[in-house]
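Please read the structure below before turning to the comments.
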Amino acid sequence: MARTVIVGAGVIGLACAWELCRRGEDVLVLDRGEPGWACSAGNAGWITPSISTPLPAPGLVWTSMRWMLKRDSPLYIKPRLDPRFAGWLTGFWRNCQPETFNRGLASLSALNQQTMPLFDRWKADGIEFEMHHAGLLFLGLSREAVEHTAVEVEQLERFGYRRPSIMSGNEVRELEPGLTDAVAGGFLVEEERHVRPETLSAGLVARLQSEGIEIRSRVNVTGVEQRLGTVSAIQTSVGTVAADRVLLAAGAWTGRVAQRFGFRLPIEAGKGYSVTIEHPRRVVQRPLDLIEARVAVTPFDAGLRLAGTMELSGLNLRVEPRRVEAIRRAGDRYLGDWRGGGAERVWVGMRPLTPDGLPVIGRAPGSDNLFVAGGHQMLGITLAPSTGDALARLILDGEGAELLQPFDPARFQPARATARAR
């Protein structure tokens, strides 16, 4: 039996491990920390194909320039003397074009076609996790903001979504009685779901281990043994690991790991924050998208989480108190008296971002048996099952190359290097 070694035990790595395992593949998973501990732990947990769009969007250049130096804004870019980051940022801004955005939107929509059925299949496979079918309620402090966001969601009507009906402030307060009078309106996308992400990672780990799959924690990749485009082993902090195939799925660290394998992936870390209250005093019925604040509100069985902000400050887990307080203030403005209840936890995690806003999924350039699954930005939970399913079919059967073509890792390689790889 062939053996695939997966570097990274976040939700993407674990999803790929499960889809390979359920097809009979022998899998070993390595992680620099603990399974699901990084960006997979404290995010909003949304399963939202309706807002699965590339991050660089038309109009974002001027918006980001207005926000970028303000530490409590939805987007903060810390100035730093780093030529690679400058190149990444330039590439990101260049991709804020309607044509590029629409191509990316179509590609992500195609990848999302099986998202909900695959989550249902995971449940049928015996993976235990907390999942809700409550939809997603968008809320705005002005009618203009609501209408503008509704137009963006309407773009997915051609992919099977219903056109949302805009509601007044009083109508959305009938759905969510705890909303403040400042909320001017909103609209509900009923098809969406959400999970408590910690339970999803834990459920995948438990199911994999029940099948005899080994998951090793606190293992760092230090090198690679490869010849003529074929990887034979990975050198790690605990010894050499033999491999028939290797999959890099290390989240925001995937770019650094790729360098050890001899190719470049421009993945930048986008820091996000969340505040979670266990056994909250305020009852929220469904996930809320606070439009102007760019904050997500997610209710769980025994918790309430507010998550958001984007901070480009490199790979670090330092907590910036002003950014956490900005999330709390957003909750105050839309939800009113939401604070209080049980224990409160502040979390920070690193989202993996590419300059074109699309994930990197497929065979590594110039390699026969090295694959990549990374760069999922804020869509890791949503795209995890479809990424795992598509990659498993590509790795084991050579199928699905057309679906994954827009996410080809080779798109970031210099033209001459790509030609040599071919």
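Each value in this text was obtained by applying a stated rule to the coordinates, not by laboratory testing. Remember, it's a predicted structure, so these values are computed and weren't measured experimentally. Every residue, glycine as well, gets a Cβ built from its backbone with ideal geometry; the counts of neighbours run over all protein chains shown.
Couple of notes before you dig in:
- Value of relative contact order over the range 110-215, rounded to a whole percent, pairs C-alpha under 8 Å and six or more apart: 39
- Per-residue ellipticity at 222 nm computed for the chain from its helices equals -10000 deg cm²/dmol, with DSSP H segments shorter than 4 residues left out and the rest contributing -39,500 (n - 2.57).
- At R0 = 30 Å, FRET efficiency that the Cβ-Cβ distance of residue 157 and residue 103 yields, to 0.05: 0.95
- Scaled against 2.2 N^0.38 Å for its residue count N, the alpha carbon radius of gyration of the range 170-295 is 1.61.
- Residue with peak Gaussian network fluctuation, the chain [Cα springs, cutoff 10 Å], from 384, 307, 330: 330
- For the range 338-379: relative contact order, % (alpha-carbon pairs under 8 angstrom, 6 or more apart): 38
- The relative contact order of the chain comes to 25 percent, based on Cα pairs under 8 Å that sit 6 or more residues apart.
- Inter-label distance for residue 142 and residue 230, nm, one decimal - labels placed 7 Å from Cα along Cα-to-Cβ: 6.2
- Across the options 331, 291, 307, the greatest Cα extent toward the positive end of the charge dipole of the range 273-388 (unit charges at beta carbon of Lys, Arg, Asp, Glu) belongs to 331.
- Normalised by 2.2 N^0.38 Å, where N is the number of residues, the C-alpha radius of gyration of the range 106-202 stands at 1.27.
- Rounded to 5, percent antiparallel among DSSP beta bridges of the chain: 70
- Springs between Cα atoms under 10 Å define the GNM used for the chain, and in it the highest mean-square fluctuation of 182, 364, 326 occurs at 182.
- Dipole magnitude of the chain, debye to nearest 20 (Cβ charges: Lys/Arg +1, Asp/Glu -1, about Cα centre): 1480
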